[in-house]
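Note sheet for the following structure.
The values are calculated or read from the model by the stated rules, or taken from the named source; none is laboratory data. Computed from a predicted structure; not experimentally measured. Quick reminder, even Gly has a Cβ in these numbers, built from the backbone with ideal geometry, and neighbours come from all protein chains shown. The protein model used for the area step is the full one, side chains on, heavy atoms only, and it has no ligands, DNA or RNA in it. Shrake-Rupley method; radii C 1.70, N 1.55, O 1.52, S 1.80 Å.
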Amino acid sequence: MKKIVVVGSTNVDKVLNVEKYALPGETLAINTYQQSHGGGKGANQAIAAARSGADTTFITKLGNDEDAKMMVKGFKADGMNIDDVITTTDQETGKAYITVDKSGQNSIYVYGGANMAMTPTDVDAHKSAIINADRVIAQLEIPVPAVIEAFKIAKEHGVQTILNPAPAKELPEELLKLTDIITPNESEAATLTGIEVKDETSMLANAKFFFERGIKMVIITVGGRGSFFATPDDHALIPPFPAKVVDTTAAGDTFIGSLASQLEIDLSNIRKAMLYASHASSLTIQVAGAQNSIPTREAILNVINQDQMTKTEIEKQKAQAAAYAAKLVPDHIVLGLGSGTTAAYFVKAINQRINDEHLDIQCVATSVGTEKLAEKLGMRMLDVNTIDQVDLTVDGADVVDHQLNGIKGGGAALLFEKLVADMSKQNIWIVDQSKYTDSLAGHILPIEVIPFGGMGVFRYLKENGYQPEFRFKDNGDVLETDSGNYLINIIIPKDADLEKLSIDLKKQTGVVEHGLFLNVCDELIIGGDQIKTIKRSDLK
């Protein structure tokens, strides 16, 4: 486990989503409200490192205000060491005002506040944390003299230094000479070197500029083209991982923090660490917001595992699990049909059995999509409102842990999925291998809320450190479930008590249902050339 100290900024982000940016003098109406989230490059990078498993200490300066209390509560929730957080009564906690358009591009205005009041004396007072670290990361949202002091302490004690030169500004030679690794994006690199980043040749020219000033490794993030690294002996362009862009806020910070958590001090695993960081960033850009979008190690490793499997292989495993489950279905029953792509394979497989073997099976669907598919195939369907018991339900899952607890309802059928599951005498879940994980921590949990009670639930979740996000459709509209409700996403915290979380959520007025399915799955079927089955009755 790497011991990382981040010296840097904390901001509270005020985020506004817009269709497009207004032209000078233009006034545009919007239909979304402003959201507040934790941010700041220092805090983002510290959280990214902590969520990726690093022993992380954060040296930052906050005001004595409610924003500071909110941020510190979040730091604690992520397991960060906050002994070196500095509080001042002379300045407010920093703030950032962020506008995000429908393409996911953002525009950011920053009020430095307490961040800009950090001094070399502040840093020196917390030098013991730096001395005992493996590496120190700093950015430029705090005064440069404070960064120089941190790096001086680090260099005197053999601690590796990483400088993220953002926002870009002219830097003193002294700071560059104290820097081991520098991590600009393409525009920041051009600002510092005067060399525009166009291709690999110009990236190498940028790297040479930094090498001449004593820097040992250069990493340049180049957006949609991926990321580039260079040492005096090696260089490569690491491609990005395809992802639907929702919001690019914190993508670069996620890259740096997660990279620092994995990179060996001797840089021996640079390609592997950069691939890890690239996967982390690909997850970040798929979620609106800053710190709430930063993934955990579990989520990153999960997507790495998925990436290692081709899409064809994943679909094959879904179909294998579905076909195996279809063979287990007895005759003369009421059968619950799950929702989602994996369940769709099962619907087709069991329909084939019904037709080939003339089975007497009546079905009830858990989603509008499944119902349409079943009706199209000519299956005998029952209205869920007319029954009080189901013999067997076969459904997919978003993720399942080793105790057969799972998260479901990521689409628009959460309430119906849980209703049918509760009515079922037996529940079988079918998944591909990427859905089976050690823990539900770090995964997205959907919460279904009534529209006119959604903001109250949102406030409760925010006040309790969950950093909630409403779920939106691709066109930017709020997603409505099959029941006409809204979904709010949260990330399950590390070491969460799932039973308590389930109970607490159900107590909140406005919550219709949540996606935790605890002690529901009786048998899990994991697809593959060798089918794996796990029965609850066999668990210790």
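Once the mean of 1/r is taken over each pair of separate Cα atoms and inverted, region 81-190 shows a Kirkwood hydrodynamic radius of 15.3 Å.
The Cα center of region 441-485 and the Cα center of region 510-528 differ in position by 19 Å.
Using the crude model of +1 on Lys and Arg Cβ and -1 on Asp and Glu Cβ, and no other charge, please compute the dipole size for region 350-486 relative to its Cα centre, in debye to 20. Can you show the working numbers first?
Numbers: 12 positive and 22 negative charges, 49 e Å.
Rounded to the nearest 20 debye, it is 240 debye.
Summarising the amide proton neighbourhood of Ile430: residues at separation of 5 or more, or on other chains, whose placed amide H is nearer than 5 Å comprise Asp395, Gly396, Ala397, Ile525. Toward the positive end of the charge dipole of region 23-74, with +1 on the Cβ of Lys and Arg and -1 on the Cβ of Asp and Glu, the farthest Cα among Pro24, Ser36, Ala54 is that of Ala54.
Percent of accessible area on region 474-540 owned by carbon and sulfur, 1.4 Å probe?
Numbers: 1550 of 3610 Å².
For region 474-540, the apolar C and S fraction of the accessible surface comes to 43 percent.
Cross-link partners of Lys177 among lysines, defined as those whose alpha carbon lies under 28 angstrom from its own and excluding same-chain residues fewer than eight positions apart: Lys2, Lys3, Lys41, Lys61, Lys127, Lys152, Lys155, Lys169, Lys198, Lys208, Lys216, Lys272.
Amide H contacts of Asp482 (H built 1.01 Å from N, in plane; Pro and chain starts excluded): Ala413, Leu414 sit under 5 Å, all sequence-distant by 5 or more or on other chains. Across the chain, C-alpha contacts under 8 Å between residues 6 or more apart give a mean separation that, scaled by the residue count, equals a relative contact order of 11 percent. For region 238-380, the normalised intensity computed at q = 0.10, 0.13, 0.16 Å⁻¹ comes to -0.53, -0.72, -0.84 (log10 of I(q)/I(0), Debye sum over alpha carbons, equal scatterers, no solvent). Note on region 27-78 and region 260-315: Cα centroid distance 21 Å, given to the nearest whole angstrom.
Using Cβ point charges alone (K and R +1, D and E -1), the dipole size of region 201-344 about the Cα centre works out to roughly 180 debye. Apolar share of the accessible surface for region 1-63: 53 percent from carbon plus sulfur atoms, 1.4 Å probe.
Using a 1.4 Å probe over the heavy atoms of the protein chains, calculate the carbon and sulfur portion of the accessible area of region 109-207 as a whole percent.
Of the solvent-accessible surface of region 109-207, carbon and sulfur hold 51 percent.
Hey, any idea what Rg/Rh is for region 350-430, computing Rh the Kirkwood way over Cα pairs? Walk me through the numbers on the way to the answer.
Details: Rg = 13.2 Å, Rh = 13.6 Å.
Rg/Rh: 0.97.
Taking every Cα-Cα distance in region 462-540 and sorting them into 5 Å bins starting at zero, the pair-distance distribution P(r) comes out as 3, 10, 16, 18, 15, 14, 13, 8, 2, 0 percent. By DSSP, the beta bridges lying fully in the chain are antiparallel in about 45 percent of cases. Taking every protein chain into account, the accessible area of the chain amounts to 43 square angstrom per residue (probe 1.4 Å). D by Stokes-Einstein for region 30-104, Kirkwood Rh over Cα pairs, 4 °C, 1.567 mPa s: 95 µm²/s.
Using just its DSSP H runs of length 4 or more, each adding -39500 (n - 2.57), the chain gives a mean residue ellipticity at 222 nm of -10500 deg cm²/dmol after division by all residues. Here the Debye sum runs over all C-alpha atoms of region 198-281 as equal scatterers in vacuum, and log10 of I(q)/I(0) at q = 0.21, 0.27 Å⁻¹ comes out as -1.02, -1.42.
Please work out the C-alpha center-to-center distance from region 183-239 to region 123-153 and express it in whole Å. Between the Cα centre of region 183-239 and that of region 123-153, the gap is 24 Å. Dividing the convex hull volume of the alpha-carbon atoms in region 390-540 by its residue count gives 123 Å³ per residue.
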